[in-house]
Amino acid sequence: MSELASHNELISWLRTRFEEKLADVIDSMTGERPTITAVEASEPLERDASAVAWLTPVSLGPEAGLATVFPMETWRAIGQKALEAVGIEDGDDDSIRGTFLEIQNQALTSVLWDLGQRAKVEISMESGRALEPTDTFDFQRFQLQTGSPFEFGVSSALVDQVIAIASEAEKPREARAAAASSGGGPSTTRAESTDAAASGPASTLDLLLDVELPVSVSFGRAQVPLKDVLKLTSGSIVELNRTVAEPVEIIVNNCVIARGEVVVVEGNYGIRIQEIISRAERLRTLN
């Protein structure tokens, strides 16, 4: 609980993490790390139809969530920069917006991962929706080095839930510390003794533990006519059979074993596992 300190300090920490994670993702997508600074604002940004004003609920309660407001000039600048990095100079609005949304989702996912690690609780994103005037968030205005502004908001419900969960988690530790200080040392239960005895080397399994297997991630598949394959050039886009919201597949030795979401950790891509598939389904996915 001491690490979470207070309501306002946790909000400040979340703002800083989003600022850093957004810069990380943009850097990984474009090769250039932008300068993002917090600025004072007397009025909220306009949320017209061209803006990306989005609420991202999280798994800690109906009112717990994060919100972002990116005017058109901002999301276009970010999305276009990412497309230019892969050789697409004239992307349409849908491509630019889709690229930006992927960048935003990666940044938000990384923020929630860090928050879960700090609070020692699993936190996941839920299906988002457009931000409405009745939604109340504590917003902070930021500005890119290009002068493009955006806002990042945190709901009070999210902060209160995290602090409450962290407080509950600390109670058992405090009780154990109090018991130890009063002279009551740890006792070894029968179950613990049994577990210790069972933890000896399992000779058959040990022979396999050092075997290396190839691990790959599948973002999707596509069937393309040969005539279209011959037309592929640098900058061509091949549409896959998986949407941005669908999980990717983790493949070990040509067998799909799990599904998860793409995250960015310290500037590197990673996969957060969301589902371990059943043995029957694994057999069906063998290549």
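Two numbers describe the Cα atoms of the range 7-163: Rg and Dmax, which are 15.1, 46 Å. Across the range 19-176, the relative contact order, built from alpha-carbon pairs under 8 Å that are at least six residues apart, equals 32 percent. Ranked for footprinting exposure by Cβ neighbours inside 10 Å, fewest first, Asp228, Asp27 give Asp228, Asp27. Taking other Cβ atoms within 10 Å as a rough exposure proxy, Arg129, Arg17 sort from fewest to most as Arg129, Arg17.
In the range 120-160, the C-alpha radius of gyration followed by the widest Cα-Cα span (Dmax) gives 13.3, 37 angstrom.
Here the label points at Thr37 and Leu232, each 7 Å from Cα along the C-beta direction, are separated by 4.4 nm in the simple model. Of the peptides 68-74, 29-35, 246-252, the order by per-residue mean of other Cβ atoms within 10 Å, starting with the highest, comes out as 68-74, 246-252, 29-35.
Order of 53-60, 211-218 by packing, highest average Cβ count within 10 Å first? Display every interim value, and only then the final one.
On the way: 53-60: 20.1, 211-218: 9.5.
The most tightly packed comes first, giving 53-60, 211-218.
With R₀ set to 51 Å, the beta-carbon distance separating Asp90 from Glu9 gives a calculated FRET efficiency near 0.65. Computed over the Cα atoms of the range 7-47, the ratio of the radius of gyration to the Kirkwood radius (Rg/Rh) comes to 1.07. Note on Ile277 and Thr146: the extension gain reaches 42.7 nm, defined as 0.36 nm multiplied by sequence separation minus the Cα-Cα distance. Once the C-beta distance of Asn241 and Glu102 is scaled by a Förster radius of 25 Å, the resulting FRET efficiency is 0.90 to the nearest 0.05. Compactness of the range 213-285, taken as the C-alpha radius of gyration over 2.2 N^0.38 Å, stands at 1.31.
Values quoted throughout were computed directly from the atomic coordinates according to the rules given, and no laboratory measurement underlies them. No experiment lies behind these values; they were computed from the predicted model shown. Cβ: placed from backbone, ideal geometry, glycine included. Neighbour counts: every protein chain shown.
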